[in-house]
Amino acid sequence: MPSYRVALQVTDVRPGHRPSAVIDVAARAVREVAHLDKPDLVMEDRQPWVVVRFSIDPTGRAEEDVRARAVLAHVERAVGTVATFDRIRLSRRVRGEWLIVPR
């Protein structure tokens, strides 16, 4: 199954929400439209990133990337309700490397 990950550079948590809600909301959003593999919080350049790995059913590279972009958009909308973020990126696992999928 093709493996992807959405990564969001979190800048702030919206009032009334706990930091842990960001990962929970991102994972729930992925689970609604794809197979959730693993949510995680990582530090990159002293900035927190929420990273959610997911997989989708194989159908062909172009169609898979289209479906993965739809997952990205769904996560972006959902996380935007509980946090602000500067950057968001979508990557696909290809032969052991994470390659950026253009929006």
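Hey, what angle do you get for helix 61-79 against the long axis of the chain, alpha-carbon based, 0 to 90 degrees rounded to 10?
Here the helix axis deviates by roughly 10 degrees.
Is the shape of the stretch 1-52 best called rounded, prolate or oblate, per the rule: a/c under 1.5 gives rounded, else a/b larger than b/c gives prolate, else oblate, with a ≥ b ≥ c the square roots of the Cα gyration tensor eigenvalues?
Details: a/c = 2.92, a/b = 1.39, b/c = 2.11.
It comes out oblate by the Cα gyration axes.
Mind putting a number on the dipole of the chain about its Cα centre? Charges go on the C-beta only, +1 for Lys and Arg and -1 for Asp and Glu, and I need it in Debye to the nearest 20.
40
Mind telling me which of 37, 57, 65 comes out most flexible in a GNM of the chain, alpha-carbon contacts under 10 Å?
For the chain, modelled as a Gaussian network with Cα springs under 10 Å, the answer is 57.
When Lys and Arg each count +1 and Asp and Glu each count -1, what net charge do the other residues less than 12 Å away from residue 29, Cβ to Cβ, add up to?
Working: positive: 28, 31, 77; negative: 24, 32, 76.
Summing Lys/Arg as +1 and Asp/Glu as -1 gives 0.
Every number in this text was worked out from the coordinates using simple rules, so none of it is lab data. Predicted model only: the values in this text are computed from it and were never measured. Heads up, the Cβs are rebuilt from the backbone with ideal geometry, glycines too, and the neighbour counts pull from every protein chain shown.
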